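Shown next, in structure tokens, is the structure this report addresses.
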Amino acid sequence: MLVKTFCAAVMGLEATTITIEVNLTRGVQFHLSGLADTAVKESYDRIRAAMSNIGFKPPTADITINLSPADIRKEGSGYDLPLAIGILAAHGKVIETALSEYMMIGELGLDGSLKPVSGALPVAIRARAEKFKGLIVPKANAREAAVVNHLDIYGMDSLADVVSFFNGVEDYEPTIVDTRKEFYEQQYSFDLDFADVKGQESVKRALEVAAAGSHNVILIGPPGSGKSMMAKRLPSILPPLSLAESLETTQIHSVAGKLPVGTSLISQRPFRSPHHTVSQVAMTGGGNHASPGEVSLAHNGVLFADELPEFNKSTLEVLRQPLEDRKITICRAKYTVEYPCSFMFVASMNPCPCGYYGDPTHHCVCTPGQIQRYMNKISGPLLDRIDIHCDVAVVPFKQLSQMRPGESSAVIRERVIKARQIQEVRFKDYKGVHCNAQMSEKMIHLFAEPDEQSLDMLRMAMERLSLSARAYSRILKVARTIADLEGSERVQNRHIAEAIGYRSLDRGDWAERG
């Protein structure tokens, strides 16, 4: 008897419908075709045990299963459930009438329970596109898949529940999620707030400018000055995610298996902080089975590199292309996938190997040569992609001991949102450009061209401070953002002056300053 069930294979952020054809004839052998990996081939052992433990005797027959299309690689344990239902239907234990109306995914435990799998959201999107009536998933994946409307999502606890569903023994209600309500309720709830930061007004100002224009930023200061503390609070002042951004971000985390159990939509911008021992593959994505890396998991959010010079230099260099293109294409012998990776890059570092160069409270023991070698761990091309360099000083005791809280994230965020709204209007005719950091050279001339007086100031600063040529466009982009925060239509002298102050690492005298 031939029976068909339906599943999906996820590659990148896209899912492809897989038809599982099960045929039972006389015999005792098991045959599986269709480019299945080890996890799929091992599924029959799990299926037999699950069937036995829910009261079904595994069929004594020659079982032939084909996963179509046969030229697409099938990976992971999500095929367990549709395979099991197909075998039971072919054996006459499940009524096959409604099988063509539902897609299924889920891993089987030996006791017949359904365990969560990755990629439920892309599968749900594919099921809706293919006009399936519903999708059956493990209960832990139900809220994630239920984000997709016009599709019935059934979260099941066990194989026995799925059998009862198709046989009409019990009625099950689809999972309903009020996506918009949950999404907007959770957007303004943050555990970390800039109100907790004492002093550091200049650094908070730099981070506000960075957030307003989506500029990459590096914080340079001695140990204990609050670099990491402030970087971790950056998401609390970024504009809230739109529903489209949230859906795309949730898809990436779903495919990577990083979505918390019971989560429907990611409502806050992600903050990723990989350790400095992270490998190139973990940073960019890929591996034996295609999976998003840290740059993609930070999509629409922040990628924070703490102690930047401690990262492997080759790992840092792979960030250059994603920072420029805001997407990454991973090519391997067996697959080619593309993941989005539009993120704010935030880094922190000590000014020298001992950490106390320029600190008035500690004596630095590093020579200018040691400091220069330490700084040279960060390549010029990578530094070229960082718009704001901010020096962080140690907070004096007088400011630390103040009981009065600082300005809250909510207040700063309102200013950032207003600046972003100005940029949205400005770039409405430019596809893929939403903020000042994404401006091309042509756009800089159109929207951030300084007047003659400001140009003279910029020329003087570049000569006196030995600023590199690459700093020119970065200064104008940041100046445009500062003007937007003020609501100014033109880039003026004071905006250029502040932007110049954010290029400390471009100064030719870095190792001799003190």
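The values are calculated or read from the model by the stated rules, or taken from the named source; none is laboratory data. Keep in mind that what you see is a predicted model, and the values were worked out from it rather than measured. FYI the Cβ positions are ideal-geometry reconstructions off the backbone, even for glycines, and counts take in every protein chain you see. Side chains are part of the model used for accessible areas, which takes the heavy atoms of the whole protein and leaves out ligands, DNA and RNA. Shrake-Rupley method; radii C 1.70, N 1.55, O 1.52, S 1.80 Å.
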**Request:** Could you identify the single residue in ILE386, ILE371 that is at negative phi, open to solvent by less than 20 Å² (accessible area, probe 1.4 Å) and assigned to a loop (DSSP other than H, G, I, E, B)?
**Result:** ILE386
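Considering only the range 447-459, I want to know if a residue exists there that is open to solvent by less than 50 Å² (accessible area, probe 1.4 Å), under 32 Å from the mean Cα position of the chain (by Cα) and of a type in the set (A, V, I, L, M).
yes
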**Prompt:** Exactly one of (1) open to solvent by 60 Å² or more (accessible area, probe 1.4 Å); (2) touching a residue at least 60 places away in the same chain (Cβ under 8 Å); (3) not acidic (Asp, Glu) is unmet by ALA140. Its number?
**Reply:** (1)
**Prompt:** For ASP191, which of the numbered conditions (1) of a type in the set (Asp, Glu); (2) modelled with pLDDT of 90 or more; (3) within 21 Å of the chain's Cα centre (by Cα); (4) open to solvent by 30 Å² or more (accessible area, probe 1.4 Å) fails to hold?
**Reply:** (2)
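Quick one: is LEU323 in contact (Cβ under 8 Å) with a residue 40 or more places away in the chain, closer than 23 Å to HIS253 by Cα and open to solvent by less than 10 Å² (accessible area, probe 1.4 Å)? Let's see the steps before the verdict.
Details: in contact (Cβ under 8 Å) with a residue 40 or more places away in the chain: yes; closer than 23 Å to HIS253 by Cα: yes; open to solvent by less than 10 Å² (accessible area, probe 1.4 Å): no.
When the stated conditions are applied, LEU323 does not pass them.
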**Asked** Just to be sure, is GLU75 buried (at least 18 other Cβ atoms within 10 Å of the Cβ), acidic (Asp, Glu) and closer than 19 Å to PHE165 by Cα?
**Response** no
**Complete:** So the helices (runs of 4 or more DSSP H) completely within the range 7-126 holding 3 or more residues that are in contact with a helix residue (DSSP H, G or I) (Cβ under 8 Å, 6 or more places away or on another chain) and at pLDDT 95 or above are 43-53, 80-90
**Of the criteria (1) assigned to a helix (DSSP H, G or I); (2) open to solvent by less than 40 Å² (accessible area, probe 1.4 Å); (3) without any contact (Cβ under 8 Å) to a residue 60 or more places away in the chain, which one ALA437 fails** = (3)
**Prompt:** In the range 340-370, which residues are among the aromatic types (Phe, Trp, Tyr) and modelled with pLDDT of 95 or more?
**Reply:** PHE343, PHE345
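Criterion first (touching a Gly at 6+ places or on another chain (Cβ under 6 Å) and within 26 Å of TYR472 (Cα to Cα)) does PRO381 satisfy it? Outline the logic, then answer.
Numbers: touching a Gly at 6+ places or on another chain (Cβ under 6 Å): no; within 26 Å of TYR472 (Cα to Cα): yes.
No.
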**Asked** If you scan the range 463-480, which residues turn out to be over 12 Å from ASP384 (Cα atoms) and out of contact with any helix residue (DSSP H, G or I) (no Cβ under 7 Å at 6 or more places or on another chain)?
**Response** GLU463, ARG464, LEU465, SER466
**Request:** Kindly list the number of the only condition in (1) crowded, with 17+ Cβ neighbours inside 10 Å; (2) under 20 Å from CYS390 (Cβ atoms); (3) not hydrophobic (A, V, I, L, M, F, W, C) that fails for THR361.
**Result:** (1)
**Complete:** Taking first residues from the range 1-15 that are within 15 Å of ILE105 (Cα to Cα) and second residues anywhere that are surrounded by fewer than 17 Cβ atoms within 10 Å (Cβ to Cβ) and small (Gly, Ala, Ser), the pairs with Cβ under 6 Å that are 6 or more apart or on different chains are none
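Given the residues ALA8, ALA70, which is the only one that is in contact with a strand residue (DSSP E or B) (Cβ under 8 Å, 6 or more places away or on another chain) and surrounded by 15 or more Cβ atoms within 10 Å (Cβ to Cβ)? Show your work before the answer.
On the way: ALA70 fails: surrounded by 15 or more Cβ atoms within 10 Å (Cβ to Cβ).
One residue alone meets the criteria, ALA8.
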**Request:** Considering only the range 143-171, state which residues are in contact with a Gly (Cβ under 7 Å, 6 or more places away or on another chain), at pLDDT 95 or above and not in a strand (DSSP E or B).
**Result:** LEU151, LEU159, ALA160
**Asked** Do we find a residue being in a helix (DSSP H, G or I) and either in contact (Cβ under 8 Å) with a residue 24 or more places away in the chain or open to solvent by 10 Å² or more (accessible area, probe 1.4 Å) (or both) anywhere in the range 268-281?
**Response** yes
**Fill in**
Given (1) touching a residue at least 12 places away in the same chain (Cβ under 8 Å); (2) over 20 Å from the mean Cα position of the chain (by Cα), ASP178 misses just (1)
**Item:** The listed residue being of a type in the set (Asp, Glu) and within 35 Å of the chain's Cα centre (by Cα), out of ASP80, ASP62
**Value:** ASP80
